[in-house]
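The values are calculated or read from the model by the stated rules, or taken from the named source; none is laboratory data. Being a predicted model, the structure only gives us computed values, none of them experimental. Don't worry about glycine lacking a Cβ; one is built from the backbone with ideal geometry, like all the others, and counts go over all protein chains shown.
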Amino acid sequence: MAPLPERRWHNWSGSVACRPQQIAQPTSIEGLVQIIRACSKDNQHVRVVGSGHSFTPLVQTDDVLLSLHHMRGIEEIDTERGTVTVLAGTPLKMLGEVLHTHGLAQENLGGIDAQTIAGAISTGTHGTGRRSGTLSAQVAGLTLVTASGEVLECSEDHNRDLFKAAQVSLGTLGVIVRVKLRVVPAKRLHFRSQRERFGSCLTNFEHYNQENSHFEIFWFPHTSWVQVKFLNETNLPVSKRSIRGDFNKVVLENGMYWLLSECCRLLPPLSRTVSALSTMAIMPVNEVNYSQRAYVAPRVVRVQAMEYAIPIEDAQAALREIEACIRQHRFQVHCPLGCRFVRADDIWLSPAYQRDSAYIAVHMYRGMAYQSYFQHIEEILQHYQGRPHWGKMHTLDAARLATLYPHWHDFRRIRAALDPQGLFLNDYLRQLLDADGPVPPGPAHSEREAITGRDAG
């Protein structure tokens, strides 16, 4: 297919922009293979873009930006095994609604459903719930197109090392074109939200986590208030839409919040006042909806974000330390700090690898200075062996990441075997993955032979 004309691309928050030579939009796996082979022949680097919701330069490129916009939809539903096979460019919102028509749902989702399924799993996107894993943990199998144009399948039972690496891969092992997901029967969730004192919430932390399927908090800096949210499965009927509920979600949480955020951007010392005003707008919510809608909240106010996963048992101490840090340095920030919870997994580059985790996220309204604030909070979270969310800002280098991820060098070996010329790397990823020196030696046999199941020669 002919590439689209040259254009400028930027991500959702505006933190990353580039002007690729080409933006290619294949309509089939065969067409994508042709594009990859042509790029390899012409020595052009390729990055795959989803919806642009990452805050880091993961897809920034001056060469070829590859969009799977035309490769979306469900290919197969296996009700006996409880799986669906979906094309990689499918947005989560579309996937949720289509699954619903078949009486199915994803086990868990985050608060935003604009991401594509491949982009969400490649960056380790997650929701909340101590007994729920990341979206990547829902994956039962993957199909990738490698730098050579080869189509590889992997799962727990086939090419397992490749599968463990590909479940969270930052798009560096190849182009994910097809995802097999484990799904659950469609369900309704009872959503409750309320305002609570910060100290009381921390006291009830463990109880809230144990008694609710999904629990998260949002603390408003410079105040003693948090918003707590709970989601639990229910047989109650879906609530009727209410004017009050729509007003709260659309006008207060987005329109009015945007206006107040603009005031903070123009006059940062207003941040403390705006944060306090925001807590007064927290209205009790008690409603029931289908899961794919209950998980998601409208988010139109654009921010910059940093998020780290720390051991769940350290969450209360870390939050108290962050509160003291903000009070001491008087950071001009009004955006709430979020805390969500994720079950441990065995995915090599998952921030929740082998430990139940609390994900602590800080935000700054777009256009306001965030560097010093993020730096101080990052230092606190690093003290607790924090691992960064791959789609959000952080300053860790390859040497530090290697100490946080036991399979860091195993991942690097597989990446180097599948893409020795770095077709799927950009400057940011090259620094992140390859600045730690040569890949340490692996097994004596050919890494590529182990991945593909045949002779690499």
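Take the conditions under 20 Å from residue 175 (Cα atoms), at pLDDT 75 or above and touching a His at 6+ places or on another chain (Cβ under 9 Å) and apply them to residue 411. Does it pass?
On the way: under 20 Å from residue 175 (Cα atoms): yes; at pLDDT 75 or above: yes; touching a His at 6+ places or on another chain (Cβ under 9 Å): no.
Taking the combined requirement at face value, the residue does not satisfy it.
Of the helices (runs of 4 or more DSSP H) lying entirely inside the stretch 70-169, those carrying at least 2 residues that are closer than 30 Å to residue 421 by Cβ are 117-122, 160-166.
If I filter the stretch 76-84 for residues that are modelled with pLDDT under 95, β-branched (Val, Ile, Thr) and within 22 Å of residue 141 (Cα to Cα), do I get at least one hit? Yes, some residue in the stretch 76-84 is modelled with pLDDT under 95, β-branched (Val, Ile, Thr) and within 22 Å of residue 141 (Cα to Cα). Only one entry of 349, 432, 396 meets the criterion of being modelled with pLDDT of 95 or more and either buried (at least 18 other Cβ atoms within 10 Å of the Cβ) or assigned to a helix (DSSP H, G or I) (or both), and that entry is 349. Here residue 341 clears all of (1) outside any loop (DSSP other than H, G, I, E, B); (2) surrounded by fewer than 20 Cβ atoms within 10 Å (Cβ to Cβ) except the condition numbered (2).
Within the stretch 393-405, residues that are charged (D, E, K, R) sit with their Cβ atoms under 9 Å from residues that are surrounded by fewer than 17 Cβ atoms within 10 Å (Cβ to Cβ) and not in a loop (DSSP other than H, G, I, E, B), at 6+ positions apart or across chains, in these pairs: 397/431.
Contact annotation: residue pairs with Cβ atoms under 7 Å, 6 or more positions apart or on different chains, pairing a residue in the stretch 16-45 that is in contact (Cβ under 8 Å) with a residue 24 or more places away in the chain and surrounded by 15 or more Cβ atoms within 10 Å (Cβ to Cβ) with a partner that is in a helix (DSSP H, G or I) and not polar (S, T, N, Q), are 24/35; 26/32; 26/35. All of (1) touching a Leu at 6+ places or on another chain (Cβ under 8 Å); (2) outside any loop (DSSP other than H, G, I, E, B) hold for residue 210 with one exception: (1).
Here is a yes/no grid of residues against (1) over 21 Å from residue 48 (Cβ atoms); (2) of a type in the set (Gly, Ala, Ser):
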| position | (1), (2) |
| --- | --- |
| 73 | no, yes |
| 98 | yes, no |
| 114 | no, yes |
| 122 | no, yes |
| 125 | no, no |
| 133 | yes, yes |
| 146 | no, no |
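Which one of 178, 182, 197, 192 is surrounded by 19 or more Cβ atoms within 10 Å (Cβ to Cβ), on the phi < 0 side of the Ramachandran plot and charged (D, E, K, R)? Just one listed residue meets the conditions, 178. Restricting the stretch 301-333 to residues that are under 24 Å from residue 10 (Cβ atoms) and not small (Gly, Ala, Ser), the residue that is surrounded by the most Cβ atoms within 10 Å (Cβ to Cβ) is 333. The one condition from (1) at pLDDT below 95; (2) outside any loop (DSSP other than H, G, I, E, B) that residue 53 does not meet is (2). Report whether or not residue 110 is surrounded by fewer than 24 Cβ atoms within 10 Å (Cβ to Cβ) and either closer than 17 Å to residue 32 by Cα or at pLDDT 95 or above (or both). The answer is yes for residue 110. Residue pairs whose Cβ atoms lie under 7 Å apart, sitting 6 or more positions apart in sequence or on different chains, and linking a residue in the stretch 325-354 that is within 24 Å of residue 134 (Cα to Cα) to a partner that is of a type in the set (Ser, Thr, Tyr) and part of a helix (DSSP H, G or I), are 347/136; 350/136.
Count, please, the residues in the stretch 65-95 that happen to be surrounded by fewer than 22 Cβ atoms within 10 Å (Cβ to Cβ) and not β-branched (Val, Ile, Thr). Adding up the residues that qualify gives 14. One residue stands out in the stretch 46-64 among those that are in contact with a Lys or Arg (Cβ under 6 Å, 6 or more places away or on another chain) and of a type outside the set (S, T, N, Q): the one that is surrounded by the most Cβ atoms within 10 Å (Cβ to Cβ), namely 59.
Taking first residues from the stretch 115-144 that are basic (Lys, Arg) and partners that are assigned to a loop (DSSP other than H, G, I, E, B) and surrounded by fewer than 23 Cβ atoms within 10 Å (Cβ to Cβ), the Cβ contacts under 9 Å between residues at least 6 apart in sequence or on separate chains come to 130/212; 130/213; 130/343; 130/356; 131/213; 131/343.
Somewhere in the stretch 135-144, is a residue under 12 Å from the mean Cα position of the chain (by Cα), at pLDDT 95 or above and under 25 Å from residue 393 (Cβ atoms)?
Taking the stretch 135-144 as the starting set, the residues that turn out to be under 12 Å from the mean Cα position of the chain (by Cα) are 135-136.
Narrowing the set further to residues that are at pLDDT 95 or above leaves 135-136.
When the remaining residues are screened for being under 25 Å from residue 393 (Cβ atoms), the result is 135-136.
Scanning the stretch 135-144, I find at least one residue that is under 12 Å from the mean Cα position of the chain (by Cα), at pLDDT 95 or above and under 25 Å from residue 393 (Cβ atoms), so the answer is yes.
Checking every residue in the stretch 372-379 against the condition of being touching a Pro at 6+ places or on another chain (Cβ under 8 Å) and either surrounded by 17 or more Cβ atoms within 10 Å (Cβ to Cβ) or in a loop (DSSP other than H, G, I, E, B) (or both) gives zero matches.
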